[in-house]
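Reviewing the structure listed below.
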Amino acid sequence: MEVITINKKENILDNLFNILSKDLHFNVSKLSKENFNQNWKVPEGFISIIGLENAKKPVFYFGLTDNYKEYSGFKKIKSVKGQNLIFFRIFYLFNRKDLLEKEKYVVANAFNGLLLAIKIDKDYFINRAIEVLTEHYEKDDFVKKAIEHVMEENMLEDIEEAIKYIANRDYNWLIGRIKYYAKTFQYSGEGYYLIPLKTNLEITPGLIVDKDNVIIDLENCQLFQHYLIYVDTKNNKIIYNKERLCTKKPALIDIKIDENTCPWCGAKLRIVKSKKGEFLGCPNYPKCLYRRFPKKVN
Ligand SMILES: [Zn+2]
């Protein structure tokens, strides 16, 4: 695993290519009609990464697109105890026709493949979740009951706080899983993942393909075993793994989770005595709503 610290913050993709070309001996160029004399029209936002090992042996030859639409929604589930449960999710939709056009270009220029770049942003995720849940609380009885259940069960003050709690819970759950599969534990989880469209000539496991779209569902974590580069925009780091060029399965790392540490923000948990009862809570309250309850003894 290689880690590189990003110096400038401005444009993260520009940064990525700067670093790849300067420090890693990658030759990077934006494709244009001028420098690639092909019949194919150059797709917008399509950038080449041409990798050279020791400035000699090409190892990396990919196109890149971040041309996607985001959409969000929630899953409704009835628990075995009959409780209403909801889980907020975000999806990234790449237009299938557009990708096919880009693939033609990839083939015509003897590239190895196409990388899909998605940006995972914590504030965006949480604000969107709050917006959607607040809207559905008013008009959807299932959602209303589910939010009320979360409020009761976690001793939260009110509906607003329960919605904020769900938004943070779901963000942290998804990011935790992605970090586990992508082996990027010590990094923020915020930033860009570059994921290959195809692995061994097959659509990469974890990508969902329907009639019009190629979809990234963050919950399909096996996808993140195949990522090539991760750009951490919070800690300004780039993590790449040359060994993981779609061939080897990563070995999972054993990690010990300290049970006194808040899994959402890293602070040391403390005992909180509230009007509603006692629990292990985060000292960063109300910014962080994480809490854990002792197992009930009957
Ligand atoms: Zn916390």
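Lys75 to Phe293: extension gain in nm, 0.36 nm per residue of separation minus the Cα-Cα distance? Intermediate results must be reported in sequence, preceding the final value.
Numbers: separation 218, 0.36 × 218 = 78.48 nm, distance 2.46 nm.
Net length gain for the segment: 76.0 nm.
Once the stretch 190-236 is represented by equal point scatterers at the alpha-carbon sites, with solvent omitted, what log10 I(q)/I(0) does the Debye formula produce at q = 0.15 Å⁻¹?
So the normalised log intensities work out to -0.42.
As an exercise, use a Förster radius of 25 Å and the Cβ-Cβ distance of Phe142 and Asp217 to find the FRET efficiency, rounded to the nearest 0.05.
Numbers: r = 21 Å, r/R0 = 0.85.
According to the calculation, E is roughly 0.70.
Work out the FRET efficiency for Asn260 and Leu93 from their Cβ-Cβ distance, taking R0 = 41 Å, and round it to the nearest 0.05.
Working: r = 40 Å, r/R0 = 0.98.
Calculated transfer efficiency: 0.50.
Report the gain in length on full extension from Phe185 to Asn200: 0.36 nm times residue separation, minus Cα-Cα distance, nm rounded to one decimal. Intermediate results must be reported in sequence, preceding the final value.
Numbers: separation 15, 0.36 × 15 = 5.40 nm, distance 2.68 nm.
Answer, rounded to one decimal: 2.7 nm.
Around Gly281, what is the net charge, scoring Lys/Arg as +1 and Asp/Glu as -1 over all other residues with Cβ under 9 Å from its Cβ? Numbers along the way, then the final one.
On the way: positive: Arg270, Arg291, Arg292; negative: none.
Cβ neighbours under 9 Å give a net charge of +3.
Take the residue pairs Lys78/Lys234; Lys75/Lys295; Lys144/Lys183; Lys81/Lys119 and return only those whose Cα atoms are more than 31 Å apart. Could you put the intermediate results ahead of the total?
Details: Lys78/Lys234 36 Å; Lys75/Lys295 27 Å; Lys144/Lys183 36 Å; Lys81/Lys119 37 Å.
Lys78/Lys234; Lys144/Lys183; Lys81/Lys119, as the Cα separations exceed 31 Å there.
Using only the alpha-carbon atoms, what does the stretch 256-298 span along each of its principal axes? Please give whole angstrom values in decreasing order.
That works out to 31, 26, 12 Å along the principal axes.
Apply the Karplus parameterisation 6.51 cos²θ - 1.76 cosθ + 1.60, with θ equal to phi minus 60°, to every residue of the stretch 144-153 and state each ³J(HN,Hα) to the nearest whole Hz, in sequence, with x for glycine and proline.
Residue by residue, the stretch 144-153 yields 4, 5, 5, 5, 4, 5, 4, 4, 4, 5 Hz.
Whole-Hz ³J(HN,Hα) for each residue in the stretch 177-193, computed from phi via Karplus 6.51 cos²θ - 1.76 cosθ + 1.60 with θ = phi - 60°, x for glycine and proline: what do you get?
5, 4, 4, 5, 6, 7, 6, 10, 4, 7, 10, 5, x, 8, x, 9, 10
Return the ratio Rg/(2.2 N^0.38 Å) for the stretch 153-248, where Rg is computed over Cα atoms only. Before the final figure, lay out each step's value.
On the way: Rg = 16.0 Å, N = 96, 2.2 N^0.38 = 12.5 Å.
In units of the 2.2 N^0.38 Å rule of thumb, it is 1.29.
Please work out the ratio of the alpha-carbon Rg of the stretch 71-155 to 2.2 N^0.38 Å and round it to two decimals.
Values: Rg = 19.4 Å, N = 85, 2.2 N^0.38 = 11.9 Å.
The value comes to 1.63.
In square nanometres, what is the average projected area of the Cα convex hull of the stretch 74-226?
Working: hull surface 44.2 nm².
With every direction weighted equally, the projected area is 11.1 nm².
So, by mean Cβ neighbours within 10 angstrom, what's the order for 259-267, 117-125, 159-167 with the highest one leading?
Numbers: 259-267: 14.6, 117-125: 17.7, 159-167: 20.2.
Highest mean packing first, the order is 159-167, 117-125, 259-267.
Net charge around Asn168, counting only other residues with Cβ within less than 10 Å of its Cβ (Lys, Arg = +1; Asp, Glu = -1)?
On the way: positive: Lys122, Lys164, Arg169, Lys287; negative: Asp170.
Net of charged neighbours comes to +3.
What is the log10 of I(q)/I(0) for the stretch 107-188, computed with the Debye formula using one identical point scatterer on each Cα and no solvent, at q = 0.19 Å⁻¹?
Those come out to -0.88, one per q.
Quick note: the coordinates plus some simple rules give every number you see, no bench work behind them. Because the structure is a prediction, the values reported are computed rather than measured. Positions of Cβ are backbone-derived with ideal geometry, glycine not excepted, and every protein chain shown enters the neighbour counts.
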